[in-house]
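Presented below is the structure to which this report refers.
Derivation of every value follows stated rules applied to the coordinates shown; laboratory data play no part. This is a predicted model, so every value here is computed, not measured. All Cβ positions, glycine included, derive from the backbone under ideal geometry; neighbour counts span all protein chains shown.
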Amino acid sequence: MNSSFRQPVRGMRDFLPNEAEKLRFIENTARRLAELYGYDEVITPIIEHYDLLAAKIGEENRKRMYVFEDLGGRKVALRPEFTASIARLVSTKLLSVPKPIKLFSVGSLYRYDEPQMGRYREFWQANYELVGSNRPEADAEVLGLTCDFLETLGIKGYTIKVNHVGILRGILGCEGILEEGQNAIMQLLDDKEWDKALRLAREYGASSKCLETLERIFGIRGERREVIMKIMIETVEDYPKALDSISNLDEIISFVEDSGLDAKFYFEAGFARGLEYYTGIIFEAYVPELGIAIGGGGRYDKLIELFSGVEVPAVGVALGMDRIMLAMEKQGISPSRAPDYKVLVVPVEESIISKALKISFALRRSGIKTEMEVMRRGLSRSLSDASKKGITHVVIVGRKEIGEGKVVLRNMRDKVQEEVSIEELSSKIKH
Ligand code: AMP
């Protein structure tokens, strides 16, 4: 018999308790930040119509979708991202809600990527979408939220790589290259295939002046905003739409810099992203320890219109929780928790099991994590397993003590035990 089912399907993975704890810690941090910034959580389905997901996701991502026909003959797919679902939701159910609409989602996504460190076929994102504003302060807030999230988790030395798709589209559009051709060129840039992108632009009829401009653009990168902006402006001076985009990018980044956030930006004028729906700023977050992005986002002003016919600008960010978990491990950051008590209740004989159960339920109701000895192990075996499991207190329920309304409370750290009345038990454990 084929034993391949003993391993998860390629690209999928199990989270053991300590890993699940880290993932949930990141999720909880993301959720707390959503509350602080006024984002409401929405839960959308993992399975969506293929046509919705495929509409603007870009050729590469489209090829990597898990697509199948359901038993009703519908062509459906596992979601490879949240944004399409959010755009559908806004278009169909939230159009009349006062703007801005701020939505938070967290969950698993599916892409048939080539598995390697930090790249899985099932992965997790915390996703924030700010819908209804085309103003640069909206972009600045989403960038700020991204930095805030990484800082709250204790991630050090991160950089945000930024660009504006309007710069490249502004140049290519001037040459009469249509959106489809622009998308194909941007896709190559997403893969850092600069030469192939130039060749394709030539095939689409770009003039030699345009090719020269593009080549110079691809080489512009650096950290200092004012310097980079100046070079970019000089390079695209004959392309008015590209100039507008540079000024928009400059305004957004100035807002973030002036707000006192300690974000480090890296400008890269030839940087593109695979998703086709972006219309404005695009960005990705990196840490020195990982060569792959831990989050990414940007502005998409035309996607919701595609589904609703109504122009609704939006900007968002998706943070890759699996990669953030890796970054935290590499930087030696572990989830920080408040001091915690974990209790094990052990009845020393069969006749008082129900009394021990009663005590366990009462302890949990007073907010203490409590396990009950359900294997009928002897006391010494229970105690030795309890230390291995990080139990801080053992409540020993014996017949004699129970008769007097008491139990024995053993502190597993200092190995001291004392008789405690049942009424006082939870306050004794907490203090
Ligand atoms: P994207 O939706 O492509 O902008 O991705 C946003 C973030 O999701 C990336 O920056 C990664 O952190 C994460 N991500 C994307 N694809 C994968 C994958 N195959 N495995 C793990 N994380 C991923």
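Of the trypsin sites (Lys or Arg not before Pro) in the stretch 29-85, the ones in a loop by DSSP (not H, G, I, E or B) with at most 15 other beta carbons within 10 Å are ARG74. Selection among ALA54, ILE252, GLY403 by position relative to the dipole of the chain gives GLY403 as farthest towards the positive end (Cβ unit charges, Cα centre). Under 10 Å, Cα contacts only: if you run a Gaussian network model on the chain, which one of GLY11, GLY73, GLY38 comes out with the highest mean-square fluctuation? Result: GLY73 has the largest fluctuation of those listed. Just how large is the dipole of the chain about the Cα centre, in debye to the nearest 20, putting +1 at every Lys and Arg Cβ and -1 at every Asp and Glu Cβ? So the dipole magnitude of the chain works out to roughly 2140 debye.
Scaled against the 2.2 N^0.38 Å expected of a compact globular protein of N residues, the Cα radius of gyration of the stretch 196-350 reads 1.52. With the charge dipole of the chain set up from +1 on Lys and Arg Cβ and -1 on Asp and Glu Cβ about the Cα centre, the Cα lying farthest toward the positive end among the listed residues ALA327, SER207, GLY316 is that of ALA327. Grab the stretch 342-430 and count how many Lys pairs have their alpha-carbon atoms under 15 Å apart, sequence gap of 8 or more, or different chains. Taking the stretch 342-430 as the scope, the lysine pair count is 15. Only the Cβ atoms of Lys and Arg (+1) and of Asp and Glu (-1) were treated as charged; on that basis the dipole of the stretch 42-96 about its Cα centre amounts to roughly 80 debye. Between 0 and 90 degrees, the angle of helix 379-388 with respect to the longest Cα principal axis of the chain falls at about 20 degrees. Restriction of the GluC sites (Glu not before Pro) in the stretch 335-385 to DSSP coil positions whose beta-carbon has at most 15 other beta-carbons within 10 angstrom yields GLU349. Shape index of the stretch 288-370: Rg/Rh, with Rg the Cα radius of gyration and Rh the Kirkwood radius from the inverse mean 1/r over Cα pairs, equals 1.37. Using a Gaussian network model of the chain in which every pair of alpha carbons under 10 angstrom is joined by a spring, one finds that among ASP322, ASP414, ASP340 the greatest mean-square fluctuation is at ASP414. Listed by chain and number, the aspartates and glutamates whose alpha-carbon sits under 13 Å from that of LYS102, ignoring those within fewer than 8 places in the same chain, are GLU35, ASP40, GLU41, GLU129, ASP139, GLU141. Compared with the dominant Cα axis of the chain, that is its longest principal axis, helix 165-174 is turned about 20°.
In the chain, helices alone account for a calculated mean residue ellipticity at 222 nm of -12500 deg cm²/dmol, with every DSSP H run of four or more residues adding -39,500 (n - 2.57).
Please say if the stretch 386-431 is rounded, prolate or oblate, where rounded means a/c under 1.5 for a ≥ b ≥ c the square roots of the C-alpha gyration tensor eigenvalues, and otherwise the choice is prolate for a/b larger than b/c and oblate otherwise? Because a/c hits 1.5 or more and a/b exceeds b/c, the stretch 386-431 counts as prolate.
Among rounded, prolate and oblate, which fits the chain when a ≥ b ≥ c are the square roots of the eigenvalues of its C-alpha gyration tensor, a/c under 1.5 means rounded, and a/b larger than b/c means prolate? Prolate. Taking 0.36 nm per residue of separation and subtracting the current Cα-Cα distance, fully stretching the chain between GLU41 and ASP148 would add 36.7 nm. Can you tell me how the stretch 349-431 classifies by the Cα gyration tensor, rounded, prolate or oblate, using a/c under 1.5 as the rounded cut? The shape class here is rounded. Once the Cβ-Cβ distance of GLU21 and SER259 is raised to the sixth power relative to R0 = 25 Å, the FRET efficiency obtained is 0.15.
Once the C-beta distance of GLU424 and ASP385 is scaled by a Förster radius of 30 Å, the resulting FRET efficiency is 0.70 to the nearest 0.05.
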